[in-house]
1. Go through the range 191-230 residue by residue and tally those that are among the hydrophobic types (A, V, I, L, M, F, W, C) and in contact with a Gly (Cβ under 9 Å, 6 or more places away or on another chain).
2. Only residues in the range 9-32 that are at positive phi count as the first member; pair them with residues that are surrounded by fewer than 20 Cβ atoms within 10 Å (Cβ to Cβ), Cβ under 6 angstrom, at least 6 apart or cross-chain, and list the lot.
3. Among the listed residues GLU22, GLU10, identify the single one that is away from the ligand (no atom under 16 Å from the Cβ) and over 18 Å from ASN78 (Cβ atoms).
4. Name every residue in the range 197-230 that is within 11 Å of ILE241 (Cβ to Cβ), part of a strand (DSSP E or B) and not small (Gly, Ala, Ser), in order of residue number.
5. Does LEU185 fit the bill of being assigned by TED's automatic domain parsing to the domain that holds LEU95, crowded, with 17+ Cβ neighbours inside 10 Å, assigned to a strand (DSSP E or B) and free of Cβ contacts under 8 Å to residues at least 60 places away in the same chain?
Amino acid sequence: MANHAYRDKERRDIILASEALEENRDKSFYCPYPLCNSKLFVCAGDGSRKAYFRATKSAYKHIANCPYANSSVAFDDNKFNELNFSFENAMQNLLVKKNPKNSSGNSKKSSYGEHYNLTLSTIKQIYSICKRFHPNYSYGNEKIGRMILDDRTAYWYPKGVFGFKIIESCVKGRFYDSDKNEIYLVAPVANPNYHFILSISDINLYNKIRNMVFENKDKIIIVAGDWKPSNLGYGYFETKIYSDRQISILN
Ligand SMILES: [Zn+2]
């Protein structure tokens, strides 16, 4: 449930749910996903800070695959301590080879007090926060728009996508090359101007991710990368994939 929507079909004029609460509540707004033709209405939630937009009319629901309708986007962020979150640290932890010896390190703290002091760490958790909030909002130490490339934030990146970034991408055309161990994706999904190359030197990991993408060619695929310019030229970027924790499918 996003806390923002758009006043106009072109998705230029963003509005916060807290602002919409002050206006006529019968007014409908546009979904942040440009391909979605749902009509959104503001819901008060638990006061203006918790207000959000919902597609309440059955004739104007979110389309299938809309990232703002997706149940995987919803999770209980009250358990997470925003102050602990560093986007750079989170990305560095995602972009390492999985070490089975360390995997129980920080995921099994279940004593009562620590339960509500978790830090966002998985790609889905970070993505979910990115979708919920306005791109100009900050979470932890970073602005949402600096963490994610999607249709809302593409205009932040006129020169390309560099460094740590989650991309909201999809398949278009040929999506792999098994001689090079590469997967190819495009983003942002409604207006895919940029090409992304996932370079996966571990053959087992490559096969696993290729099969996963193959089975989900019609879905939105999110990838956490450390993006560098590709020698294919303008609009092409590549990252190394060290673990399947860097990639996730929206269902
Ligand atoms: Zn939608």
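The values are calculated or read from the model by the stated rules, or taken from the named source; none is laboratory data. These numbers were taken from a predicted model, which means no experiment stands behind them. Counting neighbours? That spans all protein chains shown, and the Cβs are built from the backbone with ideal geometry, glycine included.
1. Matching residues across the range 191-230 total 3.
2. Close Cβ pairs satisfying both conditions: ARG11/PRO34.
3. Numbers: GLU10 fails: away from the ligand (no atom under 16 Å from the Cβ).
On inspection, the qualifying residue turns out to be GLU22.
4. ILE197, LEU198, VAL223, ASP226
5. Taking the combined requirement at face value, the residue satisfies it.
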